[in-house]
Structures are given as C-alpha cells and as structure tokens.
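In what follows, a single structure is set out as structure tokens and then discussed.
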Amino acid sequence: MTTAPVLVTGAGGAAGVAVLRALDGVRATVAADCDALAAGLHLAGDSGVVPRADDPAFVEHLLKLADRTGATTLVCTVAEELPALVAAVPDLDRAGLRSWLPGAAAVETCVDKWEFATACAAAGIPAPATGLGTAGGVPGPWIVKPRTGRGSRDVHAADDADDLAWALARVPEPLVQTRLAGTEFTVDALVERDGTLAGAVPRWRLVTKAGISTVGRTFDHPPLVAAVGTLLAAVGLTGPACVQGFVGDTGTFAFTEVNPRFSGGLPLSLAAGADLVGEYVRGVDGLPVRRDRLGHRAGVTMMRHYAEVYTG
C-alpha cells in the first residue's frame, strides 16, 4: 500500500474524527473542513480549510490542498459533498487524487428521504409508511422530518392531529412517516464496487444525542445483515454506508434511512474488530477489500463522554 497521505474531508464532524483516529499510526493524514475551528484539523499531520461543498471553488481548493500535502487518497465523510465530488471525478483523476465515490443517482436516493422511501417501496424493502407533506394514508403516531437533512434537526414526533399540524407548519419540505416502535439500530457497512456487501456491523442505538449514537452495543443478526445487503443493492450504493432502522418486539425490522458515508458512531464498529476504514482505504487505492478483516464481536459497548470514547 502506498504511504502517501490520505485526505479526509469533514474533519469537524464525528465521522471525520473517527476516520482520522482510525488511520492514526497507520497512514499519514491530511484533514479538511470548512470550519477553521474544526477539532479534526488538529488530529492530522497536515490540514487545510476549504469552502463549503456548495461553493463553486470547493473542489479547486480541495485539489490545491492535496497538491500541497502530497495526498493521493480521498476519504469523504460528508454526504453533502458527494454530488460535487462525483461530478469532479475526472478532475480528481487528473490530479492523481484517488477516490471511490458512489454514483450520483445512489447519492440522491440516500440524501432525499422521499426518494429513499420510494425506492424501498419499489423493491419491497421493509420501511415505514411515508407521505410527502401529508399524513394521508400514513397511520399514526407519526414522525415529521425534512425531506433532506441530517441528524435530528427539525425532526418532531406527533401523537395527534394537533401535534401533526404544528410539525407540518414548521418543518421545511416535511416528510410524514409512521413512527416505528422497538429498538433503534445502525449498521455500519462497506459495499464492494460490484455492489456486494463486504462487511456489516449491527449495533443498537441505546442513547442518541443530536442524531449521533452516544451509547451503543454491537449484536449479531444474520437476517438483518442480509436485508441490509439487499437494501444497499436496491439503492445502488457502494463504499461506506450507515443504515438505520428499528427492530420490533416481535423481531421484525424496518429501515428508515441510509447515509452514504461513515457514521458518527463508527468507533464502536472499529472497536468490535471491523476495520472498515482500513479496508475502504485499500479499496480506494485499488487493492482488494479483505473481508476477513471486517468481522466483528457482538456485545461490545460504547459510551461517549465529551470527546472520549470508552469501550468494554
């Protein structure tokens, strides 16, 4: 494997920090973020501040950072950056910055929650009943969330018609879904370039804060993992993925979203033995993904306290 640095975007987010820490002592890293105060800028050997992804100069500044630092491998941890990067793949290639990015259609299906719900329905994937801007045909109680968005921003629970009207008036481009019962889970996954599932780590989301799991525990569930593979193939996603949903009291499960990136709770999957970051970086560099490095131990628990992660 090359020893040239890995350029990690989104260094201010939980996923970016997790990737930088996973590569510490393994590969040289360069951190990028639009915020000069991003914590991850101090975790890498070199760093740079770049514009937001919706700035036309975003890719140009990223390539200048790669050229200055000698970085040859790109790891994007921000879903909102993917459309700009996917469109710029020819520029990345010419600059010698290797990437493994999902297709534009897959990114759109994942970041647009209505498109995701539509794709699940078309493929027969278990998911909550969903309405765009209305609860018509959607049994309550409900969750109202933005059609596009991240974390828990503008997400509201509605138990009755009054709650529902209040939420619909406040959420931009509201999506209405039947509120699922049971225990929430995340599956950290890595999908081969040919669309097959290389590895997946299910973990319970026991406590969450701002949409990020702060207390979690890994578990085994072969039928769930198999369904994750079917889901990711249906949306056409390759590379890292963060799949979320609920397992009900009777053992049935349903999926609520897929994020086309590493998750903020990634440290738990890494601590459980799945080298998702290392194997993804190998894949970016054109080497085969070693599936034997993606197994995990069940029952590993993570508790976050401020910036530290404890496992046991």
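The values are calculated or read from the model by the stated rules, or taken from the named source; none is laboratory data. These numbers come from a predicted model, not from an experiment. Glycine gets a Cβ as well: all are built from the backbone with ideal geometry, and neighbour counts include every protein chain shown.
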> Do we find a residue being touching a residue at least 60 places away in the same chain (Cβ under 8 Å), loosely packed, with under 13 Cβ neighbours inside 10 Å and touching a helix residue (DSSP H, G or I) at 6+ places or on another chain (Cβ under 9 Å) anywhere in the range 188-210?
Replying inline: yes
> Which condition breaks for Arg193 when tested against (1) closer than 23 Å to Gly295 by Cα; (2) at pLDDT below 95?
Replying inline: (2)
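Name the residue, out of Thr118, Thr73, Thr109, Thr77, that is under 21 Å from the mean Cα position of the chain (by Cα), closer than 14 Å to Cys34 by Cα and among the β-branched types (Val, Ile, Thr). It would help to see each step written out before you state the result.
Details: Thr118 fails: closer than 14 Å to Cys34 by Cα; Thr73 fails: closer than 14 Å to Cys34 by Cα; Thr109 fails: closer than 14 Å to Cys34 by Cα.
Of the residues listed, the single one that is under 21 Å from the mean Cα position of the chain (by Cα), closer than 14 Å to Cys34 by Cα and among the β-branched types (Val, Ile, Thr) is Thr77.
Each row is one residue, and each column tells you yes or no for (1) closer than 18 Å to Arg21 by Cβ; (2) in the same structural domain as Cys242 (by TED's automatic domain parsing); (3) of a type in the set (Ser, Thr, Tyr).
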position	(1), (2), (3)
Thr256	no, yes, yes
Asn259	no, yes, no
Pro267	yes, yes, no
Ala272	yes, yes, no
Gly278	yes, yes, no
Val281	yes, yes, no
Gly286	no, yes, no
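Looking at this structure, is Thr186 touching a Lys or Arg at 6+ places or on another chain (Cβ under 6 Å) and under 16 Å from Val258 (Cβ atoms)? Reasoning before the result, please.
Numbers: touching a Lys or Arg at 6+ places or on another chain (Cβ under 6 Å): yes; under 16 Å from Val258 (Cβ atoms): yes.
Yes, satisfied.
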> Considering Gly264, Gly245, Gly236, which residue is small (Gly, Ala, Ser), over 24 Å from Pro126 (Cβ atoms) and touching a residue at least 24 places away in the same chain (Cβ under 8 Å)?
Replying inline: Gly264
> Is it the case that the range 293-302 has a residue that's within 30 Å of Val89 (Cα to Cα) and not aromatic (Phe, Trp, Tyr)?
Replying inline: yes
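Can we say Gly12 is in the same structural domain as Ala87 (by TED's automatic domain parsing), in contact with a strand residue (DSSP E or B) (Cβ under 8 Å, 6 or more places away or on another chain) and in contact (Cβ under 8 Å) with a residue 60 or more places away in the chain?
Numbers: in the same structural domain as Ala87 (by TED's automatic domain parsing): yes; in contact with a strand residue (DSSP E or B) (Cβ under 8 Å, 6 or more places away or on another chain): yes; in contact (Cβ under 8 Å) with a residue 60 or more places away in the chain: no.
Criteria not met by Gly12.
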>> Of everything in the range 226-239, what is among the β-branched types (Val, Ile, Thr) and either within 15 Å of Thr256 (Cα to Cα) or assigned by TED's automatic domain parsing to the domain that holds Val86 (or both)? Give them in sequence order.
In response: Val228, Thr230, Val235
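Please determine whether any residue of the range 32-44 is in a helix (DSSP H, G or I) and under 22 Å from Val243 (Cα atoms). Working first, answer last.
First pass over the range 32-44, keeping only residues in a helix (DSSP H, G or I): 39-42.
This time we only want the ones that are under 22 Å from Val243 (Cα atoms), so: none.
Among the residues of the range 32-44, not one is in a helix (DSSP H, G or I) and under 22 Å from Val243 (Cα atoms), which makes the answer no.
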> Is at least one residue of the range 28-48 within 18 Å of Val284 (Cβ to Cβ), modelled with pLDDT of 95 or more, surrounded by fewer than 21 Cβ atoms within 10 Å (Cβ to Cβ) and of a type in the set (A, V, I, L, M)?
Replying inline: yes
> out of contact with any Leu (no Cβ under 8 Å at 6 or more places or on another chain), farther than 30 Å from Gly45 by Cβ and buried (at least 16 other Cβ atoms within 10 Å of the Cβ) - does that describe any residue in the range 55-63?
Replying inline: no
> Filter the range 176-199 for residues that are of a type in the set (A, V, I, L, M) and under 20 Å from the mean Cα position of the chain (by Cα); which is nearest to Ala127 (Cα to Cα)?
Replying inline: Val187
>> I need a count of the residues in the range 57-70 that are within 18 Å of Ala15 (Cβ to Cβ) and among the small types (Gly, Ala, Ser).
In response: 0
> Does the range 99-115 hold any residues that are closer than 29 Å to Ala135 by Cβ and out of contact with any strand residue (DSSP E or B) (no Cβ under 6 Å at 6 or more places or on another chain), and which are they?
Replying inline: Ala105, Ala106, Val107, Glu108, Thr109, Val111, Asp112, Glu115
> Taking the range 172-223, which residues are small (Gly, Ala, Ser) and either in a strand (DSSP E or B) or within 14 Å of Ala274 (Cα to Cα) (or both)?
Replying inline: Ala189, Ala198, Gly199, Ala200, Ser213, Gly216
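Any idea how many residues of the range 255-297 are farther than 19 Å from Gly216 by Cβ and small (Gly, Ala, Ser)?
So the answer is 3.
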